[in-house]
Amino acid sequence: MQADVVIIGAGPAGLLLGHKLRRAGIDAIIIERQSREHVLGRIRAGVLEQVTVDLVEEIGLGARLKQEGLAHHGFYLADGERLIHIDMQGLTGKSVVVYGQTEITRDLMDAAPERGLEIVFEASEVALHDIETNKPFVTYLKDGVEARVDARFIAGCDGFHGPSRRAMPQSVGVGYERVYPFGWLGILADVAPCSDELIYANHDRGFALASMRSHTRSRYYIQVPTDETIEHWPDDRLWDELAIRLGPEVAERLTRGPAIEKSIAPLRSFVFEPMRHHSLFLAGDAAHIVPPTGAKGLNLASSDVAYLAAALIQWFEDGKSDGIDNYSQTALKRVWKAERFSWSLTSLMHRFPDAGAFGRRMQVAELDYIAESRAAQTAIAENYVGLPL
Ligand code: APR
Ligand code: PHB
């Protein structure tokens, strides 16, 4: 097979890039390891910055997002005693949209055939070749038969564990990493949310988050030790713990229900530099991971795609290479700022086993300062709604 760009991975990064390129008449094909059902079964975050909303609308696939997405103009930070309101709209003039990443993925997958965007699912042993030349290619096994796609460029959109980043020679790249000493245990339930807006809580017993997917579907998380297992958290225990950590005022409004999904995810900050090596570009989780506290994962994938699509379109349409030459540097500038925000909000809102009493006091003092300072609230709001492209 032959394409202008072969994309590895059908997560949000790969799908958004594929649609954006197709829209410009560029030939793209996506190679995905999992089945369609598996990809659509993954429960991920659901807070969209305007950058992401714009991208979905630009490719003409924003209808359901517009109809079902919930505009959120603010959120709360809770410190065990009170709720500190961060009025995003009032402080920055901007807001975010709550719409599940799973739903975006579905919208983009459903529209792929009619847009001429081929997705090969269940491709195993995906491998990248000749990335340092102008004729790179990708090989994989499909139903036991080896296939090959030749292209001008490869876009590695295959997440943290995918083969693309590892295809770069060790000498060209550096990874920067912080692994946090805890994870998030998440529960999805078909119950009404306890609050109109998200609540990020820092309680003595650890972090908790009240989020949602719709007016009838809630998503909650609590901080747990890294080695925790789901078997230790039957639904009742989890609801009890949420009620404590979210505080008495919120607990009164907490509706319990059976889990339709429950899982534990580790927290990590990671950035790989550079995001391009000759004919290979990295985008999304393939190049960087953020802890979920700032809701930046999907939104960073979107900004990478916005930069990369523009650069590739410029190359294919005008033969100009400054876009692709600057891609890594441009994308990384925004990535590092979102990394900083995600790390800082994670540091502020979680219990760190080694922080001690002093560390705890620092958190309390910072939350106290935020509660009283419009400047501090503005800095948080500005980052949460997303920095400009
Ligand atoms: N071959 C082909 N595809 C692969 C391979 C492989 N060897 N390894 C991984 N993939 C696929 C995964 O199955 C997945 O569908 O690459 C895709 C990567 O998608 P995501 O992990 O969703 O990453 P990305 O598209 O960058 O989206 C970033 O989505 O996953 C969340 O937390 C993430 O919110 C962030 C955003
Ligand atoms: C979610 O709804 O899953 C969610 C929301 C906000 C976050 C992380 C996850 O910061």
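The values are calculated or read from the model by the stated rules, or taken from the named source; none is laboratory data. No experiment lies behind these values; they were computed from the predicted model shown. Quick reminder, even Gly has a Cβ in these numbers, built from the backbone with ideal geometry, and neighbours come from all protein chains shown.
Among what's in the stretch 285-298 and is within 16 Å of ligand 2 (Cβ to nearest atom) and assigned to a helix (DSSP H, G or I), pick the residue that is surrounded by the fewest Cβ atoms within 10 Å (Cβ to Cβ).
PRO292
Have a look at ALA311, ALA301 and point out the one that is in a helix (DSSP H, G or I), within 16 Å of ligand 2 (Cβ to nearest atom), crowded, with 21+ Cβ neighbours inside 10 Å and in the same structural domain as GLY46 (by TED's automatic domain parsing). Steps first, please.
On the way: ALA311 fails: within 16 Å of ligand 2 (Cβ to nearest atom).
Unique residue meeting the criteria: ALA301.
Against the condition assigned by TED's automatic domain parsing to the domain that holds ASN299, within 26 Å of SER302 (Cα to Cα) and more than 9 Å from ligand 1 (Cβ to nearest atom), how does VAL126 come out, does it pass? If you could, list the steps in order and put the result at the bottom.
On the way: assigned by TED's automatic domain parsing to the domain that holds ASN299: yes; within 26 Å of SER302 (Cα to Cα): yes; more than 9 Å from ligand 1 (Cβ to nearest atom): no.
No: the conditions fail for VAL126.
Quick one: what pairs do we get from the stretch 3-23, first residue of a type in the set (Asp, Glu), second outside any loop (DSSP other than H, G, I, E, B) and away from ligand 1 (no atom under 11 Å from the Cβ), C-beta under 9 Å, 6+ apart or different chains?
ASP4/LEU21; ASP4/ALA28; ASP4/PHE153; ASP4/LEU312; ASP4/PHE316
Would you please name the residue that is nearest to ARG106 (Cα to Cα), looking only at residues in the stretch 64-84 that are at pLDDT 95 or above and in contact with a His (Cβ under 7 Å, 6 or more places away or on another chain)?
Only one residue fits best here, namely GLY74.
Based on what the data block shows, is THR133 in a strand (DSSP E or B), within 24 Å of SER279 (Cβ to Cβ) and modelled with pLDDT of 95 or more? Don't jump to the end; show me each part of the working.
Working: in a strand (DSSP E or B): no; within 24 Å of SER279 (Cβ to Cβ): yes; modelled with pLDDT of 95 or more: yes.
No; evaluated as a whole, the condition is false for this residue.
So which strands (runs of 3 or more DSSP E) stay within the stretch 194-270 end to end and still have 1 or more residues that are in contact with a strand residue (DSSP E or B) (Cβ under 7 Å, 6 or more places away or on another chain), on the phi > 0 side of the Ramachandran plot and not acidic (Asp, Glu)? Don't jump to the end; show me each part of the working.
Numbers: elements: 199-203, 206-212, 218-224.
Where strands (runs of 3 or more DSSP E) fall fully within the stretch 194-270 and carry at least 1 residues being in contact with a strand residue (DSSP E or B) (Cβ under 7 Å, 6 or more places away or on another chain), on the phi > 0 side of the Ramachandran plot and not acidic (Asp, Glu), they are 206-212.
What is the residue count in the stretch 161-193 for residues that are part of a loop (DSSP other than H, G, I, E, B) and either within 19 Å of the chain's Cα centre (by Cα) or within 16 Å of ligand 1 (Cβ to nearest atom) (or both)?
The first filter runs over the stretch 161-193 and keeps only residues part of a loop (DSSP other than H, G, I, E, B), leaving 161-162, 168-169, 173, 190-193.
Adding the requirement that they be either within 19 Å of the chain's Cα centre (by Cα) or within 16 Å of ligand 1 (Cβ to nearest atom) (or both) leaves 161-162, 168.
Summing the residues that are part of a loop (DSSP other than H, G, I, E, B) and either within 19 Å of the chain's Cα centre (by Cα) or within 16 Å of ligand 1 (Cβ to nearest atom) (or both) in the stretch 161-193 gives 3.
Consider VAL98 carefully, then state whether it is within 16 Å of ligand 2 (Cβ to nearest atom) and touching a Leu at 6+ places or on another chain (Cβ under 6 Å). Step through it out loud before you land on a result.
Details: within 16 Å of ligand 2 (Cβ to nearest atom): yes; touching a Leu at 6+ places or on another chain (Cβ under 6 Å): yes.
Here the answer is yes, as VAL98 does meet what is asked.
Output the number of residues of the stretch 312-347 satisfying the condition of being closer than 16 Å to VAL385 by Cα and of a type in the set (Asp, Glu).
Total satisfying the criteria: 1.
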